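K.L.:
The following block contains the structure, expressed as structure tokens.
Any read-out appearing in this document is the output of simple, stated calculations on the displayed coordinates, not a laboratory observation. Computed from a predicted model, the values in this text were never measured in an experiment. Backbone-built Cβ (ideal geometry, glycine too); neighbour counts: all protein chains shown.
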Amino acid sequence: MASITTFDTVLFSTLEADKVIENSRTWCATNGWTDHQEIVGLLMSWQSMETIALEFKESSSVVLTEQGIDAVANGSLEYRMFQSIPVEGIQVKEANERHGATAFGAAKSKGWIVVDKGLVKKKDGVVEDTTKNQLLALATLDAKDILALRKAKLVEDRKVSYCRIAQGAKFNIRKKECSDLTAEMLKSGSWSSETFKFNINALGEQPWSGYRHPLSKVKAEFKQIFLDMGFEEMPTGNFVENSFWNFDALFQPQQHPARDAHDTFFLKDPATSHDFTDDYLAKVKKVHAEGDYGSLGWRYDWKLEEAEKNILRTHTTAVSSRMLYKLAQTGFKPKKYFSIDRVFRNESLDATHLAEFHQVEGVIADVNISLSHLIGMFTEFFKRLGITNISFKPAYNPYTEPSMEIFGVHPKLGRVELGNSGLFRPEMLRPMGLPENVTVAAWGLSLERPTMIKYGLDSIRQIFGNDLNISSIESNPICMFPPVRE
Ligand code: PHE
């Protein structure tokens, strides 16, 4: 068989010159290709690209039967019967038995043998095996001769399929099929005008891998927004915190209801810890008990035992207080910090509350920054989440003044509460040792709420806990907050 490239060249040049190839079999024979079936396979792949058009046809032709083949090889039966008769002749009965009555009849009617008084004798002279000669030259015979050969079962009709080959609709734009889909083709888009040896529409196999939890996807998105805006991540690994860093350092009085066992989880073992300097402790104690830096303080009997109690941190602002203290100790520089991690509250559980959840927190510490800086920062931060038109409502936090709840317009849900914010009070910042002209703005929001909104879930238990649908983790889309265009 000719190589495929030769085949293509012959095919296209023939079709270019003659427009059609009437009979694929004769065309194959002319080119010396013996396997017609294989050629039809090649033709069909070009047809699938509409390079050529095929029409399947059938013709019937006269071919030798097994008997016919035998006659060509060994002579016709009447000839063999004639040859076998000895000069002295044989009995009619025996002559009939040797090659059959038909052969006997044929030899007789051709005048090759004569029957004389029950004895069969050969005619004198050389005879010609006309049947064999006819079988060798079937194409030259007329219908009458063919009919006689067909009756004698020496030939038969056989149906033969073949194709008529014509130029297809895309004959002039035919291309070599590509065996590779390359990165360059994808980049330039040239793949769309190529034809491929393989099916580019086949669906790829689903990669078997781990999947990111929706919370972790939203967390990664938040993290990217903070990083893009120049924030540094705070270390949030310590779920266990003492009350000092979680409450006292934040100027949250020891009688505050949030510090009650109804709201906070206290640790039994170890029940206490003490990781703050005496100097800082004294300043915190003073500002709570007596007031300082121009503040009257809360005015109560501040107790060290209360501050030493270990708890599961109730907010990530505990981490912020540690970081701001450290910043004051190492020499103040303007900083932007963020954290996203777990916090714990002794809540009664319902569709929107769990005893543990995640907080997203941002902190900006700079010289003489004001509320308008904070509003500018919020506007940019939430714009990157796809939320515009933010507004504020006055609120209360023991550690911020002013304090503001933040609201924004969500494209689907309308006006929604986003989080809580404010400027940390001097009673919190000054004991740490931060310079007087330093202002620290901060805000916090839950990670679960935007995740529920993003993935259309109406219960927090569907992201955290038993109601989580594991297969949804495989199938839910990647998280990308829409960029807002002005
Ligand atoms: N810590 C507050 C909360 O738990 C959020 C907050 C952070 C408020 C920073 C003001 C400043 O809800």
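K.L.:
For Cα pairs less than 8 Å apart in space and 6+ apart in sequence, what is the mean separation divided by the residue count of the chain, i.e. the relative contact order in percent? Numbers along the way, then the final one.
P.N.:
On the way: 712 pairs, mean separation 63.1, N = 486.
Here the relative contact order equals 13 percent.
K.L.:
If you don't mind, another one. Order of 385-391, 147-153 by packing, highest average Cβ count within 10 Å first?
P.N.:
385-391, 147-153
K.L.:
Next question, about the same structure. Please figure out what share of the DSSP beta bridges in the chain is antiparallel and state it in percent, rounded to the nearest 5. Can you show the working numbers first?
P.N.:
Working: 66 of 69 bridges.
Antiparallel bridges: around 95 percent, rounded to the nearest 5.
K.L.:
Additional query: Add +1 for every Lys or Arg and -1 for every Asp or Glu among the other residues with Cβ under 9 Å from the Cβ of I311, and state the total.
P.N.:
Numbers: positive: R259, K309, R313; negative: E241.
Summing Lys and Arg as +1 and Asp and Glu as -1 gives +2.
K.L.:
I need the peptides 260-272, 105-117, 211-223 ranked by packing, meaning the mean over residues of other C-beta atoms within 10 angstrom, with the highest value on top. Write down the numbers at each step before the final one.
P.N.:
Working: 260-272: 11.7, 105-117: 15.2, 211-223: 18.5.
The densest-packed peptide leads the list: 211-223, 105-117, 260-272.
K.L.:
Here's a follow-up. Calculated from DSSP H runs of 4 or more alone, at -39500 (n - 2.57) each and per residue, what is the 222 nm mean residue ellipticity of the chain, nearest 500?
P.N.:
On the way: 18 runs with 176 residues, N = 486.
Taking each H run of at least 4 residues, the total per residue is -10500 deg cm²/dmol.
K.L.:
Then there's this: Which trypsin sites (Lys or Arg not before Pro) does the stretch 379-486 hold that lie in a coil by DSSP with at most 10 other beta carbons within 10 Å? Before the final figure, lay out each step's value.
P.N.:
On the way: sites: K383, R384, K412, R415, K454, R461, R485; in loops: R384, K412, R485.
When the trypsin sites (Lys or Arg not before Pro) of the stretch 379-486 are filtered for loop state and at most 10 Cβ neighbours within 10 Å, K412, R485 remain.
K.L.:
Moving on. Please report Rg (one decimal) and Dmax (integer) in Å for the Cα set of the stretch 297-356.
P.N.:
15.7, 45
K.L.:
Taking the C-alpha atoms of the stretch 403-473, how large are the radius of gyration and the largest Cα-Cα span, Dmax, in Å?
P.N.:
Using the Cα atoms of the stretch 403-473, the pair Rg, Dmax is 17.9, 54 Å.
K.L.:
Evaluate E = 1/(1 + (r/R0)^6) for C178 and H213, where r is the Cβ-Cβ distance and R0 equals 51 Å; express this FRET efficiency to the nearest 0.05.
P.N.:
Working: r = 40 Å, r/R0 = 0.78.
FRET efficiency, C178 to H213: 0.80.
K.L.:
List, largest first, the extents of the alpha carbons of the stretch 297-444 along their principal axes, each in whole Å.
P.N.:
48, 39, 27
K.L.:
Just in the stretch 10-103: which trypsin sites (Lys or Arg not before Pro) are loop by DSSP and have at most 14 other Cβ atoms within 10 Å? Each step should come with its number before you reach the end.
P.N.:
Numbers: sites: K19, R25, K57, R80, K93, R98; in loops: K19.
Answer by residue number: K19.
K.L.:
I've got another one for you. Can you bin the stretch 216-475 into rounded, prolate or oblate? Criterion: square roots of the alpha carbon gyration tensor eigenvalues sorted a ≥ b ≥ c, rounded for a/c under 1.5, prolate for a/b above b/c, oblate for the rest. Before the final figure, lay out each step's value.
P.N.:
Values: a/c = 1.91, a/b = 1.33, b/c = 1.43.
Oblate, since a/c reaches 1.5 and b/c is not below a/b.
K.L.:
Shifting gears a bit: What does the charge count around N389 come to, taking other residues whose C-beta lies under 11 Å from its C-beta (Lys +1, Arg +1, Asp -1, Glu -1)? Working shown, then result.
P.N.:
Numbers: positive: K383, R415; negative: none.
That works out to +2.
K.L.:
Sorted by average packing, counted as other Cβ atoms within 10 angstrom per residue and highest first, what order do 197-203, 341-347, 275-281 take? Display every interim value, and only then the final one.
P.N.:
Details: 197-203: 8.6, 341-347: 17.7, 275-281: 13.0.
Ranked by mean Cβ neighbours within 10 Å, highest first: 341-347, 275-281, 197-203.
K.L.:
Now a separate question. Using alpha-carbon pairs under 8 Å, 6+ residues apart, how would you state the relative contact order of the stretch 216-475 in percent?
P.N.:
Details: 448 pairs, mean separation 52.1, N = 260.
Relative contact order of the stretch 216-475: 20 percent.
K.L.:
With a sphere of radius 12 Å drawn around the Cβ of T130, what net charge do the other residues whose Cβ falls strictly inside it have (Lys, Arg +1; Asp, Glu -1)? Don't skip to the answer; put the middle values down first.
P.N.:
Numbers: positive: K110, K132; negative: E78, E128, D129, D145.
My count for the surroundings of T130 gives -2.
K.L.:
Could I get the Rg over Rh figure for the stretch 246-301? Both from C-alpha atoms, Rh via Kirkwood, rounded to two places.
P.N.:
Values: Rg = 12.7 Å, Rh = 12.6 Å.
Reported Rg/Rh (Cα atoms, Kirkwood Rh): 1.01.
K.L.:
I need the P(r) histogram for the chain: all alpha carbon pairs, bin width 20 Å from 0 out to the longest distance, whole percents.
P.N.:
17, 26, 13, 13, 12, 11, 7, 1
K.L.:
List, largest first, the extents of the alpha carbons of the stretch 20-88 along their principal axes, each in whole Å.
P.N.:
74, 20, 17
K.L.:
On to the next question. So what's the stretch 67-151 giving for Rg/Rh, alpha carbon basis, Kirkwood Rh from the mean inverse pair distance? Walk me through the intermediate numbers first.
P.N.:
Working: Rg = 13.4 Å, Rh = 13.4 Å.
For the stretch 67-151, the value is 1.00.
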